[in-house]
Amino acid sequence: MSHVDSALLVLAKLALADGKIDVSEESFLTVMMDESENFHNIDELIREANSKTLAEMIERLEKYEDKFFVALRAYLMANVDLHYDATEEAMFNRLIGLLGITEDDRELIRATEASIKDEEPQPPSERIQALYQASSFFKAEA
């Protein structure tokens, strides 16, 4: 399973945490599906996400940088519907524990999401840029 497919499964699982995928969550997933080797529609993605645990979804992610971007995208997706509830928070906390995301990077993820809501969003931090350039996502999108 590719890093993109792992990310998609995690995002879908988190979107399903509250029992439904709303339009904004579906749109977030659909954009990323364009880069997937295996998922080409939302229904097959949801079926697969329902059949796997978070641990199974991320087991092939080896690079910390990939794990960071899965966590970042998961947090952004969980907040895209403006309804980040206790179930999503618990699942996200479990995810970042499984991924081994450092405390500093957990704060960076939260700060990044908060800055997106600002009237004048800040450019990505040097840390995020460095992580991105070292990640498989950078190679996939380059």
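All of the numbers you see were taken from the coordinates with simple rules; none came from a lab. Just so it is clear, the model here is predicted, and its values are computed rather than measured. Neighbour counts run over all protein chains shown; Cβ positions are idealised from the backbone, glycine included.
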Self-check item: Gyration tensor verdict on the chain (Cα atoms; rounded if a/c is under 1.5, prolate if a/b is larger than b/c, oblate otherwise)
Solution: rounded
Quiz item: Fewest first, what order do R60, R106 take by the number of other Cβ atoms within 10 Å?
Solution: R60, R106
Exercise. Considering only S24, S51, S36, give the residue with the highest GNM mean-square fluctuation for the chain, with springs between Cα atoms whenever their separation is below 10 Å.
Key: S51
Quiz item: Once you charge only the Cβ atoms, +1 for Lys and Arg and -1 for Asp and Glu, what is the size of the charge dipole of the chain about its Cα centre, to the nearest 20 debye?
Solution: 380
Practice problem: Return the lysines within reach of K139: Cα separation strictly under 18 angstrom, same-chain partners fewer than 8 residues apart disregarded; answer none if there are no such residues. | Solution: K63, K67
Quiz item: For the chain, what is the relative contact order in percent, using Cα pairs closer than 8 Å and at least 6 residues apart in sequence?
Solution: 31
Practice problem: Would you mind ranking M91, M57 by Cβ crowding within 10 Å, fewest neighbours first? | Solution: M91, M57
Quiz item: Could you state the number of Å between the C-alpha centres of the stretch 1-52 and the stretch 121-139?
Solution: 22
Quiz item: By count of other Cβ within 10 Å, fewest leading, how are Y64, Y75 ordered?
Solution: Y64, Y75
Practice problem: Assuming a ≥ b ≥ c are the square roots of the Cα gyration tensor eigenvalues, decide whether the stretch 60-142 counts as rounded (a/c under 1.5), prolate (otherwise, with a/b larger than b/c) or oblate. | Solution: oblate
Exercise. Treating cross-link reach as a plain straight distance, find the lysines whose alpha-carbon is under 19 Å from the alpha-carbon of K20, omitting any fewer than eight places away in the same chain.
Key: K52
Quiz prompt | Positive dipole terminus of the chain, leading residue within H40, T102, G19 (C-beta point charges) | solution = T102
